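Below: one structure, written as structure tokens.
The values are calculated or read from the model by the stated rules, or taken from the named source; none is laboratory data. Computed from a prediction, not measured in an experiment: that's the story for all the values here. Counting neighbours? That spans all protein chains shown, and the Cβs are built from the backbone with ideal geometry, glycine included.
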Amino acid sequence: MSETPMIEAAGLDVHFGSNHVVRDIAFQVAPGETYGLVGESGSGKSTVLRTIAGLVTGWDGTLRVAGQQLGPRRDRAFFRRVQMVFQDPYGSLHPRQTVDRILAEPLEVHGIEGAEARIARALEEVALPRAARFRYPHQLSGGQRQRVAIARALIADPSVLLLDEPTSALDVSVQAEVLNLLADLRVARQLTCILVSHNLAVIGHLCGRLAVMQHGRIVEELTEAQLRAGEAQHPHTRDLIALSHELEG
Amino acid sequence: MSGTTQPAGTRRDWLLSDTPASRAQARWGRRYQLWLAFRRNPLAVAGLAVVLAMLVLAIAAPLLATHDPGAQSLANRLQPPSAEHWLGTDELGRDTWSRLLYGGRVTLGMVVAVVILVAPLGLVVGCVAGYAGGLLDKVLMRVTDVFLAFPRLILALAFVAAMRPGVESAVIAIALTAWPPYARLARAETLTIRNTDYIAAVQMTGASPWRIIWKHVAPMCLPSLTVRVTLDMSSIILTAAGLGFLGLGAQPPIPEWGTMIATARRFILEQWWVPVIPGLAIFTASLAFNLLGDGLRDVLDPKQR
């Protein structure tokens, strides 16, 4: 890649106590690219994402976002640039806050003006009805909740979106809607994304390049074209592909 | 708010609407739902009614009292209930009904004062310790443990004995021993809330720890704390009355319920109504707070829903 990568990891290690969960991870994501991390549960893929997001302490190695080295503590400007959508829409929205309040919070923290208009626009952007604005999360469906989470992530105009299995907690019919929404938003807002999933079909749908993780390591990195052409080399990748064919067929 | 001016039928619809049009409507709708759930428990409603009635009686004491609570009439001492003295008179001929009303002000006032001192302190200490973790958590929790290690009444006794006996000392003494359980409870709640994704999402806005604790963690601790405080009210009443009974709380001419029992206990066999009436008041208040707390727990405790 000729231009500066938007996200860059090198020699990334994460320890949880004596558990070495991520080992020597290195990858680069170009601006506007969507990069996939695939692996079984426990392979460390979500941990990589949470480490980039600054939600994990106890890591070492090099992490850069837009060329800037990340330290153990992230400043407010970082959170303006990088946002995350969590796996479980039932757990990622505050149960005592209305959608309106949830969306207003990032605006208040960053001191962004015009909250009223921004919230209305954010709801429109994720195709939520106006009526949903003053509802509590428990009054929404799973798909609607995940749309709220996406709206919250995007309301302060980030350039990087970290997606942690954004559809795996949803019904199959809703999964496609949310994936298409993410695909549209990514283009419209020129977002750089990292998508974590255990589902190769989801990864293949959104990502240009992907890395396969096993036991905390990246075992193989390949493009979506290579994946589709069946050019995967590593046995674990082949296992995952075979498994996804089995599930589909 | 626009809804309060509408007729009753539509106000209910306004509250129960699942498409609220403003933050206030959403908030009031949620409260109304809680009230509907609370109303289904008749014992809890009875508890609430008794608590409210007692508060009203205490506040309106000057209007409802038939006599001056301090006026003695030695010729009329230890009278049984009559038309003149509804609940009889005590050992100095003072009207028990009037003293009971004014005593409610003292006893319930002490309870309210203790709660106002204790609940915010416990909430702040617990939330900060639980959210910050590490050294701050250890220090705050060891301090809490120190206070928790003293038996409540004994520490209160020592404290009051060191200071001057009186209502204020009793309040401070009870408050000193009452806050640690709230801090523990708030910390335990905070520990489970701290690692949820919705807090992670707030952290990802770049909000300060204070803002996160105050606006996102503390509101989640409030329901269980409210329940606990309500259930503890009765034990606070009993401690306040106990200190009064031992002569370390409110001092004699002040008509506090515990003090009233203490001064009248000599007459328990011959003129039993003199100590029994303030005893009944303490019993009723404690029971009412317990019933109310039980009902609140059923409504507010998220684990039971």
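Identify, from the list B:56, B:50, B:125, B:146, the residue that is within 22 Å of residue B:250 (Cβ to Cβ) and β-branched (Val, Ile, Thr). Quick ask: steps written out before the conclusion?
Details: B:50 fails: within 22 Å of residue B:250 (Cβ to Cβ); B:125 fails: within 22 Å of residue B:250 (Cβ to Cβ); B:146 fails: within 22 Å of residue B:250 (Cβ to Cβ).
Matching residue, one of B:56, B:50, B:125, B:146: B:56.
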> List the pairs whose first member sits in region B:29-48 and is farther than 23 Å from residue A:96 by Cβ, whose second member is assigned to a helix (DSSP H, G or I), and whose Cβ atoms are under 6 Å apart, counting only residues at least 6 apart or on separate chains?
Replying inline: B:43/B:291; B:47/B:288; B:47/B:291; B:47/B:292
>> If I ask for residues that are over 14 Å from the mean Cα position of the chain (by Cα), surrounded by fewer than 18 Cβ atoms within 10 Å (Cβ to Cβ), modelled with pLDDT of 90 or more and outside any helix (DSSP H, G or I), which ones from region A:155-203 would you list?
In response: A:157, A:190
> Considering B:125, B:45, B:111, B:118, which residue is modelled with pLDDT of 85 or more and touching a Gly at 6+ places or on another chain (Cβ under 8 Å)?
Replying inline: B:45
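Residue A:127 - would you say it is on the phi > 0 side of the Ramachandran plot and either more than 11 Å from every other protein chain (Cβ to nearest Cβ) or in a helix (DSSP H, G or I) (or both)?
Working: on the phi > 0 side of the Ramachandran plot: yes; either more than 11 Å from every other protein chain (Cβ to nearest Cβ) or in a helix (DSSP H, G or I) (or both): yes.
Criteria met by residue A:127.
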>> Restricting to region A:56-80, and then to whatever is free of Cβ contacts under 8 Å to residues at least 12 places away in the same chain and polar (S, T, N, Q), can you tell me which residue is nearest to the other protein chains (Cβ to nearest Cβ)?
In response: A:68
>> Which numbered condition in (1) touching a Pro at 6+ places or on another chain (Cβ under 6 Å); (2) of a type outside the set (D, E, K, R); (3) within 14 Å of chain A (Cβ to nearest Cβ) is the only one that residue B:257 fails?
In response: (3)
> How many of the residues making up region A:9-55 are surrounded by fewer than 19 Cβ atoms within 10 Å (Cβ to Cβ) and more than 14 Å from chain B (Cβ to nearest Cβ)?
Replying inline: 18
>> Suppose we keep only residues that are touching a Phe, Trp or Tyr at 6+ places or on another chain (Cβ under 6 Å) and within 12 Å of chain A (Cβ to nearest Cβ) within region B:174-204. Which one would you say is nearest to residue A:103 (Cα to Cα)?
In response: B:204
> What residue, of B:205, B:284, is hydroxyl-bearing (Ser, Thr, Tyr) and in a helix (DSSP H, G or I)?
Replying inline: B:284
> Looking at region A:2-30, which of its residues are without any contact (Cβ under 8 Å) to a residue 12 or more places away in the chain and farther than 19 Å from residue A:192 by Cα?
Replying inline: A:17, A:18, A:19
> If you take the residues in region A:106-123 that are within 21 Å of the chain's Cα centre (by Cα) and free of Cβ contacts under 8 Å to residues at least 40 places away in the same chain, which one is surrounded by the most Cβ atoms within 10 Å (Cβ to Cβ)?
Replying inline: A:122
> Somewhere in region B:261-275, is a residue under 25 Å from residue B:53 (Cβ atoms), assigned to a helix (DSSP H, G or I), polar (S, T, N, Q) and in contact (Cβ under 8 Å) with a residue 12 or more places away in the chain?
Replying inline: no
> Which residue pairs have Cβ atoms closer than 6 Å, lie 6 or more positions apart in sequence or on different chains, and pair a first residue in region B:117-143 that is within 12 Å of residue B:180 (Cβ to Cβ) with a second residue that is of a type in the set (Ser, Thr, Tyr)?
Replying inline: B:122/B:182
> In the set B:88, B:103, which member is touching a residue at least 60 places away in the same chain (Cβ under 8 Å), within 20 Å of residue B:254 (Cβ to Cβ) and touching a Leu at 6+ places or on another chain (Cβ under 9 Å)?
Replying inline: B:88
> If you take the residues in region A:81-99 that are at the interface with chain B (Cβ under 7 Å from one of its Cβ atoms) and outside any strand (DSSP E or B), which one is surrounded by the most Cβ atoms within 10 Å (Cβ to Cβ)?
Replying inline: A:86
> Where in region A:12-75 are the strands (runs of 3 or more DSSP E), entirely inside, with at least 1 residues that are closer than 24 Å to residue B:134 by Cβ?
Replying inline: A:19-29, A:59-65
> Is at least one residue of region B:90-106 at pLDDT 80 or above, of a type in the set (Asp, Glu) and surrounded by 19 or more Cβ atoms within 10 Å (Cβ to Cβ)?
Replying inline: yes
> Which residue out of A:152, A:133 is crowded, with 21+ Cβ neighbours inside 10 Å, at the interface with another protein chain (Cβ under 10 Å from one of its Cβ atoms) and within 18 Å of residue A:191 (Cα to Cα)?
Replying inline: A:152
> Only one residue in B:293, B:247, B:242 is more than 14 Å from chain A (Cβ to nearest Cβ), touching a helix residue (DSSP H, G or I) at 6+ places or on another chain (Cβ under 7 Å) and not in a helix (DSSP H, G or I), so which one is that?
Replying inline: B:247
